[in-house]
Each structure stands twice: as structure tokens, then as C-alpha cells.
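The structure appears right after this line, and notes come after that.
Values in this text are rule-based calculations from the coordinates and carry no lab data. Keep in mind that what you see is a predicted model, and the values were worked out from it rather than measured. Using ideal geometry, Cβ is built from the backbone for each residue, glycine included, and neighbour counts are taken over all protein chains shown.
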């Protein structure tokens, strides 16, 4: 059934963007009907696909469509435009001529093929292989980065220059890279690090110091001991509901951390930050950042198990002594929050237990970290547009952030290593070095990669 719905949606995309040379004039009422049909079908398919990302009930490659062509080696030809752009024609509506102002600000109209591909990438991205979508993302980022940093290559135009104390990396970065001081983080960044006595460390930032800085900054920002993030039982990270007890301006910190993670994605820097699945799903929300009950197991499997037990409990639920409240324990402070108005006076019964289950899940997943999640999401999208990230599901986003857990291809690393000075691929020292590296076990290879790139996992598209 899901495969049939997938194919129906792909077919509706072709119908939504017909070839004007072959299509007949369609009555307005039919256009409205087909547009509604497309919206409903896509919504259903997305929900099934989302469930599959959590439960894996479909076989591998089940969601890929043979009707969609997106050559992996030719992704630079793919157009991707925001839904709000006038270049992205409304579904099932005839193409029209753009005004002069529209042409100047947004460029020429997309071809029918480009319209179809853009719609697929925005509405049904999972029908395209992950590798192809990753190349599309890399191309979008590279093109945008070239436009933002071109003049900086010649030491002209705007550039971010920042000096930071290594001993106070987070505090200095939070201050000096705030939106008020640096409104555009897409610019090239040059970093100078100062040692414990306030002296500049020797070295010129040709990119390596910046990457070290960003990697170490994110490591300390997400460190649970700092207090902004907590660990689930699966050792994945999510925002601390009690962040308001750490600092009053906690949303600003989540916005900052989100911006810096967005900067890492923008600069193609892998960082080992394992985010909780439900939290990543909140970042990908199209209309809302809220997630549903089935995400609860990635936050608190025990609570999820207990709520499911309550759902099927055959006795009198009222005997369990539950009401519509939740007990929070944050930094040694216990507080009682009501799930609904006057919740402390409303007992959970057989009749209202479903409401209680969903209210509890909504509180844990959404309400208690709403401000943190919203600020973090805004921070990421300040650097990387949300629509680019929405080409991926929560598992794929984690791979974009931290890389894939696959063996390291030493031959690929060798082919894409650059040498300086008197060294080259045939130098005896280089040959001896690679001979030793090839004898390494996987853990030693990962330590070497960690030393070189700040991440123990290889890039998704290889080392090129």
C-alpha cells in the first residue's frame, strides 16, 4: 500500500507540472481537487515514512522511486528554490510570465523538469537516494558559500576575525559571535586562539585552527556538565528542561549553539554530537516543531513503556491514583506541573486515560523544552535554510552532522591528501607513512582521522 501511495504521489507531481505543449486546459475546480488530493496523499505518505524511520517495517530501498531521475554525478544542475519564491509555480496552476522585477530579484522561471525535481526534493525527498540528496545539499552549500566568501579569498570584503581564549572558549565565542556582533555567520571566519597567559598561539589560520575551534566549541557546548543538554539512556543529547535555572537568557544560548552547529554543516565539518531522534525530528518540522507520541521512546523508553501499559490496563485505572499532573525534579528542586487546567483535581480514569497519555507525552516531548528547541532551530536555520535540511529524515541529519559509521577507506584518503614542501606521493617518507597506516586496526585509523579532521568518522561523500 505504501509503495502504491508513493507512486501515486510521484505521478501527481508530473500532473501538477504538465508539459504545456501536451496538456489540455483544465477546469479550475479540477485543479483545486487535484491540489487537495496531492496535499492529502503526500501527508499520508510522509507519516508512513516517518513511522518507518523509527520502526523499520519496510525493506531497504522501499521508498526509492524508479520514476524519479536525479543523476548523482550531475547534481549541480538541480534547481532548488523556496516554496515562497515566485519561481516555484503553484501546483496544478499554469505557468505565467514573470515581471521585470521578479526576473531581477529571483532569476528566470524554472523549466518543467526543474519544477518537478524541486517539488520532489521539497515534498517527497525520500524517493531519491540519500547519496544524491547529499550531493544536492553539498552543491547548494558550496554555491552559497562561494557567493558569500568569494571576496574573502583575496582578503577583500567582509570577513569574521575573532580572538578567543582557549580556556574560555564557549564564553568568548558566545559574546563575540553573537548576532549583534556577527550577524552573518556564513562569512569566512579567521580564528586566533590565546593561551592561558593571554598570548596568541603561534600559527596562521589557514582553516585548521578554525576547524579545531569549531569542533572544540561544539564539544563543550553540548557537554552535559555545562547544563544546556542532557543525555538519554541511549547517550543521545536533548535540551535541558531546567535550563531556565542555569541562566535567565537561556534561549540566547540555544540560538547560539544552533548557529554554531549550522556553521559546522555549512563548512562541511563533521562533529561527534549524537542528538536524540525526537529532538532532530523537531528541527525538521514543517508547520510545527511538535512531535507525536511515537517519538517518546527516544527520550524516555521507560515512560513510553508505562504509558503503553496504562493504555491496555484491564483494571480500574482510577485505582492507580493518577491525576493530570507531572512531577519535575530540576537541579534539586521539585515542582508539580498541571497537564490541563485544574489537573491536580482531575483523576485519570478508564474514560480519559488516552487524553492523559497524549498530554503527558506532549508535555515531555514538546512543552517543557519548547523555548529551547525553537531557539535552537532558529539558530541552525540562520546559517542553513530549513528547507535544505528537510530533504533528510532525522537519521540522515545525524549522518550529515557526524558522518556515517562505516569503515575508513584508506585508499580514498590517500588519493585526496595534499602534500606541501618537498613531499609528494612518491617520497619515501610518505610511502612509509601510508604503509604504516594501512597496517592500523579500525580503532587506530579512527584515532588518526580524529587527529586530522577532528572527527573519527569519514565524510559521507568520501574525502574528495
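Report note on the peptides 183-193, 248-258: ranked by the mean count of other C-beta atoms within 10 Å, highest first, their order is 248-258, 183-193. Site pair residue 292 and residue 425 shows an inter-label distance of 5.3 nm when each label is modelled 7 Å from Cα along Cα→Cβ. Once the Cβ-Cβ distance of residue 56 and residue 386 is raised to the sixth power relative to R0 = 25 Å, the FRET efficiency obtained is 0.45. For the peptides 216-224, 416-424, the ranking by packing is 216-224, 416-424, with the highest mean count of neighbouring Cβ atoms within 10 Å listed first. By the beta-carbon count within 10 Å of each Cβ, the least crowded to most crowded order of 316, 175, fewest first, is 316, 175. One chain, two ends: residue 335 and residue 444. Fully extended at 0.36 nm per residue, the span grows by 34.5 nm beyond their Cα-Cα distance.
Neighbour counting of Cβ atoms within 10 Å sorts the residues 212, 267, 123, fewest neighbours leading, into 212, 267, 123. Label-to-label distance, residue 143 versus residue 184, with points set 7 angstrom from Cα along the beta-carbon direction: 1.9 nm. What the Cβ-Cβ distance of residue 171 and residue 344 gives, at R0 = 41 Å and to the nearest 0.05, is a FRET efficiency of 0.50.
Eigenvalues of the alpha-carbon gyration tensor of region 410-453, scaled by 5 and square-rooted, set the equivalent ellipsoid semi-axes at 19, 12, 9 angstrom, largest first. The Cα-based radius of gyration and maximum Cα-Cα distance (Dmax) for region 324-437 are 26.5, 80 Å. Mean sequence separation of contacting Cα pairs (under 8 Å, at least six apart), scaled by the length of region 293-365, corresponds to a relative contact order of 34 percent. Model label points for residue 163 and residue 370, set 7 angstrom from Cα along the Cα-to-Cβ axis, are 4.4 nm apart. Here the extension length gained between residue 196 and residue 432 equals 81.2 nm, from 0.36 nm per residue of separation less the Cα-Cα distance. Seen from every direction in turn and averaged, the convex hull around the alpha carbons of region 265-375 projects onto 9.3 nm².
Which of 358, 126 has the fewest other C-beta atoms within 10 Å, and how do the rest follow up to the most? Provide the component values of the computation, followed by the final result.
Working: 358 14, 126 23.
With the fewest neighbours first, 358, 126 line up as 358, 126.
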